[in-house]
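Peer 1: Sharing a structure here in structure tokens format.
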2 protein chains.
Amino acid sequence: MNVTNNPPGLEHTDCQKVSQVLARVGEKWSVLIIMFLAEKPRRFTEIKRAVNGISQRMLTLCLRGLERDGLVKRTVFPVVPPHVEYELTALGRSLTQPVIALGTWARDHIPDIDAARADFDAREGVQAAQAPGQR
Amino acid sequence: MNVTNNPPGLEHTDCQKVSQVLARVGEKWSVLIIMFLAEKPRRFTEIKRAVNGISQRMLTLCLRGLERDGLVKRTVFPVVPPHVEYELTALGRSLTQPVIALGTWARDHIPDIDAARADFDAREGVQAAQAPGQR
DNA sequence: CAGTATCCAGCAAGATACTG
DNA sequence: CAGTATCTTGCTGGATACTG
């Protein structure tokens, strides 16, 4: 990647690594799970219930990914009815800061974005309708 | 979504909208393009060259999406060799702030993440190798 | 309860070719 | 130059069923 701009912050060095983190944040469920675990440690089924709409498969995959990246810690209690708890690591907790910042930005600008979309879509529609005798 | 945690910041209200924004940020190319345009307005081919590896199709799609969300403004100069410029809107520029924050976090924690992954993968490998007479 | 395994649909995305 | 159109592929992600 050559997104070479000089402002102190993001150089092209480590660019793919940063992209990977961004991708994880962009994943549909990751942030939801992180935010849910931010409150307190939870069990598998608790998360599944909380994050409505996620499938077991996706939850497992997501948790695996988060665990692999060291954002979530998985603890197995070897008892008769299996008991597994997931909790944020220090790293995971530190991630909630910038994520909340982004989430807050998103929330604050939803009206702008919605307006822009409505505008854009309106123009799209007009374009389609305004080629009268052409074709 | 019922990711109901109370800390002032992210409620489940507008949750999907926020997710959409997050998804856009998570898109492989969006952030790269935004960061590139942060410097100054650019033409289509300039962006294509800068963001190495993107196809025309993906660039067009990405720019369309960013334009639709009001993050990027597209200006066509009706001259003989077509000339189109893309630039960040005020909204787009305001997004660079939290994105850079996230990018910075990512950069700062790359070592931690890499270490965690190495750890995890090592344990995975061991697991596979340590079931000797079992199978 | 907490997964794993399997199957399958849909879309993301690359390559390529054509156009105003 | 700045796209659009078309084809194809591979991954994402959902549903379902089975297991320790």
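Peer 1: For peptide B:30-41, compute the average count of partner chain beta-carbon atoms within 10 Å of each residue's beta-carbon.
Peer 2: Average neighbour count from other chains, rounded to a whole number: 4.
Peer 1: Also, I was wondering about something else. Where does the charge balance sit around A:Trp29 when Lys and Arg score +1, Asp and Glu -1, over other residues with C-beta under 13 Å from its C-beta?
Peer 2: In short, +4.
Peer 1: Right, something else. Quick one: what are the phi-derived ³J(HN,Hα) couplings along the range A:83-97, Karplus 6.51/-1.76/1.60 with θ = phi - 60°, whole Hz, x for glycine and proline?
Peer 2: After applying 6.51 cos²θ - 1.76 cosθ + 1.60, I find 9, 10, 10, 10, 9, 6, 7, 4, 4, x, 5, 5, 6, 4, 4 Hz.
Peer 1: Can you list residues whose amide H is under 5 Å from A:Arg43's amide H, if they're 5+ apart or on another chain and H is modeled 1.01 Å from N?
Peer 2: A:Tyr86
Peer 1: Let me ask you something else. Quick one: P(r) of the range B:12-130 from all Cα-Cα pairs, 5 Å bins, percents rounded to integers, in order of increasing distance.
Peer 2: It works out to 2, 9, 16, 18, 15, 11, 9, 7, 5, 3, 2, 1, 0, 0, in whole percents.
Peer 1: A follow-up question, please. If amide hydrogens are placed 1.01 Å from N in the peptide plane, which non-local residues have theirs closer than 5 Å to the one on B:Lys73?
Peer 2: Result for B:Lys73 returns B:Glu87, B:Leu88, B:Thr89.
Peer 1: For the peptides A:99-109, B:24-34, what is the packing order when you average, over each peptide's residues, the other Cβ atoms within 10 Å and list the highest mean first?
Peer 2: Top of the packing list down: B:24-34, A:99-109.
Peer 1: If packing is taken as the average number of other Cβ atoms within 10 Å across a peptide's residues, how do A:70-80, B:64-74 rank, most packed first?
Peer 2: B:64-74, A:70-80
Peer 1: Please turn the phi angles of the range B:108-116 into ³J(HN,Hα) values with the Karplus equation 6.51 cos²θ - 1.76 cosθ + 1.60 (θ = phi - 60°), one per residue in order, whole Hz, x for glycine and proline.
Peer 2: 5, 10, 3, x, 4, 5, 4, 4, 4
Peer 1: Residue by residue, what Karplus-based ³J(HN,Hα) values in Hz, rounded to whole numbers, does the range A:52-66 have, using 6.51, -1.76 and 1.60 with θ = phi - 60° and x for Gly and Pro?
Peer 2: 5, x, 7, 8, 4, 4, 5, 4, 4, 4, 4, 4, 4, x, 5
Peer 1: Hey, another quick one. Placing the label point 7 Å from Cα along the Cα-to-Cβ direction, what are the distances from B:Gln56 to the equivalent spots in the other copies, shortest first, in nm to one decimal?
Peer 2: Those separations, rounded to one decimal, come out as 4.8 nm.
Read the figures in this text as sums done on the coordinates, not as results from a lab. Keep in mind the model is a prediction, meaning the values are calculated, not measured. Please note: Cβ atoms are built from the backbone with ideal geometry, for glycine as well, and neighbour counts cover all protein chains shown.
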